[in-house]
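Taking it in order: structure first as C-alpha cells, then the write-up.
The values are calculated or read from the model by the stated rules, or taken from the named source; none is laboratory data. None of these values were measured; they are calculated from a predicted model. Glycine gets a Cβ as well: all are built from the backbone with ideal geometry, and neighbour counts include every protein chain shown.
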Amino acid sequence: MFGFGKKAGPTIGLDLNGSTISVMQLEKTKQDLRVSRFASTLTPPDIIMEGLLSDPEAVGSAVRELLDSVGLLAKGPKPVANIGIPGQSVVIRLMPVPKGMPTDELNDVVRQEAINNLPFSIDEANLDWARVPGTGRTDPDGVEREDVLLGAIQKVIVEGYWRMADVANIQLGRLEISSLAAVRALASSGQLGKDGALSLVVNVRQDATDITLVNKAVPLFSRSVLLGVGTILESVARSINEPMEEAQKLLPRVQLLGVPTSDPRVGQAAQVARSICGDLTAEVGRSLEFYMSQVGMVRVDQVIVCGAGTSIPEIDQFIANRLNLNTTVANPFQGIVYDRNQVLDNMRPHHTMLMGLVLDEASVPAQTVQIDLNQGVPDAVGGGDEGDEQAAEEVDTPWFMPALVVGGAAALLTVAAWMFFQYLVIPGKEQELANLEQEIQTNKQKIEQLNKQQKTVDGLEARKRSLEEIVKHGTPMTIVMQALKENVPQGIQVNSVKIQGSNAEISGNASSFSKVSHLSINLQGTNVFSNVEIQNIARPKEKPQQISFSMDAALVPDLNQRSGEPTEIASSSGAPGPGSIAGAPRVLAFWADWCPPCQRMKPFVEQAKTKYGNDFQFQLVDIDLPENQALVKQYNVKSVPDLFFLSDKGDVVEHLPGFNNNGQQLFSACDKLKKIASTAKPATK
C-alpha cells in the first residue's frame, strides 16, 4: 500500500534493431564479472526501423517471449531494461560553456541552446546533458571553458518505448545513445588506450553506422550515416535476384579484398558489398577531415570496428587499406567471463553496444559520458498507480519498520473515523455515495482517455510537421562544410553554421576586419554560396584582440545535385538524352532530392538500367527543375516517386505510383515493357 522497502529488479541490456532483439545480464562475483543471461531472437518484420518502434505492442510481445525464455520474468521485481537509441533518432550537440558553471544556470543555458537549434518544439522533446570530462581549457581571452554534450529526442518516440515496456512487463531504465554505450564497452575492455590516444570507433549497425572520435573514453566528435548492414543485404538481394534470407547466407562468404571465387553469386555479392563498404569508408574519412578542419591536424592511433558489420569478412583490413590507419575488430568481452556456447566468438563484436548498456559505470576504469533520454513517464502513456510505481526508484529503506508502524496506525485511525461517520453520522447515505463515486470515476476515466488520445494525436501531428520541415529544407551539410573548409582563410575561426531552408548563417571570430572581408569574397566565388553579405562585425570591448562577425549567404538552387549522387540516368528533360536509343521505349522515373523513398528507388533503377539498357532508355526526372515542369504537367505527377513505362510510340504501358522497398514491381514492369518492345520490332531477314 505504501511502497516501502521495494527492491529494484535486475538490470538488463536490450538491443532492439530491425534484424535481431538481444538481451544480456551481468553478474558481479568476488572473483570476476560474468554474463549470467544472454539470448537473441530474430525481429518480426516491419516493427522496428532506425530506432522507431512502428508497432510497440508487437515489439513488447517479442521482448516478453525472449525474457521468458531465459527466466527473467519469474516471480520478483520487474527487470530494469537499458536500451540503446540510434544516433539518427537523436539530436546531439557539443557546446562550450564556462568551466564550473552552477548546475541550475547550466540547465538554463542548455535549454536555451535546445530552443534555438532543435528541429522540433522544446515542449515535444526529452532532453539530457552531461559535462564532458577532460575537456577543460583556457580561451585566448583567459576564460576557462569545458564542453557539455546535449542530447534531445522527440517524446513521441520515447512513448513508443514505454508502451513496449508495459507489454513486455519490464521497467524502462536508461534510453542511451548507441555510440556512447559502445564507447563505454570498449573503455571497459581496455581497447581505447591511455589518455591522449585517439580512437575512431565505427559501429556498423543494421540500419546505420555511428562514427565517433574518442580520446580515451571521451567522445570528441560523433556522426551517424544511413549506411548499414541492411543497406548491403538489400543491394545484394537485388543484384542476385534472391530474397533477403539468401543474401544473409552469402554475406559471411564475401571477400572484400577481391579474392576470386568459383561461385558467381558470391562474386556478385562481394562486388556489391565492396562498393557500399567503399562508400561507408569514404564517409568515415570525410568525418575525420571535417573534424580536423575545425581543430587542426590530429593523429588517429587506431580504428575500432564493431556492430553487425563485423560479420563481413576482412572489413577491418578493407578500412585499413582505404584509410591507411591501423584497424582492429572490437572485443567487448575482454575480461568478462561468458559461456562460449551462448555467445559465439564471431558474434562478440556485434554486442558491443549491448555490453555498454548493461555495464555499471563503477566497473569501467575510465570516466565515460552518459546521456539518459528517458525523463520519466510520458503523459500519454500509463498513468495511475502502476505508472507511478514504474517511475519511482525502488530501493531498500532502513526505516521500513518504523514507517510501517506509523503508517499502520494512521490507517487504523482513518478506518475508525470512516466507520464513525458511516454508521453514526450519515446512516442510509452509503448507497447514494457509492453511486455518486462510481459515476465520478467513470467520467474521470472517459476524460483521461480522451486527453491521452488528444495528446497522442497532437504528438504525431507535431512529429509529422517536424519531419516535413526537415525533408522540405534538407541540405547536404557535407558539401557546405567542405566549401567552408576549402575557403576559410587563416585567422578565421568559424563557430557555428546554421542552415534554414536555402539560406546559411555563418558566425565566428577573426583576427582582423580584412580577414572577414576575405572570407566573404572567397565564399562568393564558390559554386555553393551566392549573395554573401556581412550582417554584423564588431570588436567586443571584453575581447579587443579579436573581431566577432556573422554573415548570411544563399545556397545555390542545385546544391543537392553536387552531393556526389547521380541526379539522372539518361536525361532529366522530356527529350531523349545523350546516348539514348532513338525511337526506343522509355522509362520515366519522376523523383525529388528531398524524397527518402526516391533515394531508395534510385539504386534499383540503376540495376534495371544495367539489365535492360540495351532494350530501352531510362530517365530520372527531377520535378524541382524548371525545365522539367512541362513533363510533370504532361503526366500529371502529383507525388513522388512516380514511374511511367512508355512504348516506342509514347503510349503508357505501365504506371507505378510510389515505390515498394523491394523493387519487384519495377522489374516486373520492365519485363512487360521489354516483351512489348520485342513484339513490336520487325522481323529481320
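Checking ALA237 against (1) hydrophobic (A, V, I, L, M, F, W, C); (2) at pLDDT below 90; (3) in the same structural domain as LEU323 (by TED's automatic domain parsing); (4) under 19 Å from the mean Cα position of the chain (by Cα), which test does it fail?
The single condition ALA237 does not satisfy is (4).
Does ALA380 count as at pLDDT below 75 and buried (at least 19 other Cβ atoms within 10 Å of the Cβ)? Before the answer, list the steps.
On the way: at pLDDT below 75: yes; buried (at least 19 other Cβ atoms within 10 Å of the Cβ): yes.
Here the answer is yes, as ALA380 does meet what is asked.
Quick check on my filter: what residues within the stretch 490-547 are surrounded by 15 or more Cβ atoms within 10 Å (Cβ to Cβ) and in a loop (DSSP other than H, G, I, E, B)?
Within the stretch 490-547, GLY491, SER511, THR526, VAL528, LYS543, GLN546 meet the criteria.
When you scan the stretch 20-64, how many residues do you find that are free of Cβ contacts under 8 Å to residues at least 40 places away in the same chain and more than 25 Å from the chain's Cα centre (by Cα)?
Going through the stretch 20-64 one residue at a time, the tally reaches 6.
What are the pairs, 6+ residues apart or on separate chains, where a residue within the stretch 282-303 that is outside any helix (DSSP H, G or I) has its Cβ under 7 Å from a residue that is modelled with pLDDT under 85 and surrounded by 16 or more Cβ atoms within 10 Å (Cβ to Cβ)?
ASP301/GLY193
Looking only at the stretch 143-166, decide whether some residue is in contact with a helix residue (DSSP H, G or I) (Cβ under 6 Å, 6 or more places away or on another chain) and closer than 30 Å to GLU542 by Cα.
yes
Given (1) exposed (fewer than 13 other Cβ atoms within 10 Å of the Cβ); (2) closer than 30 Å to GLN493 by Cβ; (3) at pLDDT below 90, where does GLN294 come up short, assuming only one miss?
For GLN294, the exception is condition (1).
Okay, residues lined up against (1) surrounded by 13 or more Cβ atoms within 10 Å (Cβ to Cβ); (2) under 30 Å from SER54 (Cβ atoms); (3) in contact (Cβ under 8 Å) with a residue 60 or more places away in the chain:
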| residue | (1), (2), (3) |
| --- | --- |
| GLY100 | no, no, no |
| ASP104 | no, no, no |
| VAL109 | yes, no, no |
| GLU113 | yes, no, no |
| ASP123 | no, yes, no |
| ASN126 | yes, yes, yes |
| GLY136 | yes, no, no |
| ARG145 | yes, no, no |
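Each row is one residue, and each column tells you yes or no for (1) at pLDDT below 85; (2) part of a loop (DSSP other than H, G, I, E, B); (3) β-branched (Val, Ile, Thr).
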site	(1), (2), (3)
VAL621	no, no, yes
ASP624	no, yes, no
ASN636	no, yes, no
PHE644	no, no, no
LEU656	no, no, no
PHE659	yes, yes, no
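Can you name the condition, by its number, that ILE276 falls short on among (1) over 22 Å from the mean Cα position of the chain (by Cα); (2) crowded, with 16+ Cβ neighbours inside 10 Å; (3) in a helix (DSSP H, G or I)?
Condition (1) is where ILE276 drops out.
As an exercise: evaluate PRO566 against (1) modelled with pLDDT of 60 or more; (2) farther than 21 Å from LYS672 by Cα and give the number of the one condition it does not meet.
All conditions pass for PRO566, except number (1).
So, in the stretch 189-222, how many residues would count as being acidic (Asp, Glu) and at pLDDT below 85? Spell out how you get there, then give the answer.
Taking the stretch 189-222 first, the residues acidic (Asp, Glu) are 195, 207, 210.
From the residues that got through so far, the ones that are at pLDDT below 85 too are 195, 207.
Number satisfying all stated conditions: 2.
If you go through the stretch 303-318 one residue at a time, do you hit one that is over 24 Å from LEU186 (Cα atoms), surrounded by fewer than 19 Cβ atoms within 10 Å (Cβ to Cβ) and touching a helix residue (DSSP H, G or I) at 6+ places or on another chain (Cβ under 7 Å)?
Our first condition is that a residue be over 24 Å from LEU186 (Cα atoms); within the stretch 303-318, this holds for none.
No: zero hits.
Of all residues in the stretch 304-350, which are part of a loop (DSSP other than H, G, I, E, B), charged (D, E, K, R) and closer than 26 Å to ALA39 by Cβ? Show your work before the answer.
Step one: list which residues in the stretch 304-350 are part of a loop (DSSP other than H, G, I, E, B), which gives 307, 312-314, 324-326, 330-336, 338-344.
Those left that are additionally charged (D, E, K, R): 314, 339-340.
Scanning the stretch 304-350 gives ASP339, ARG340.
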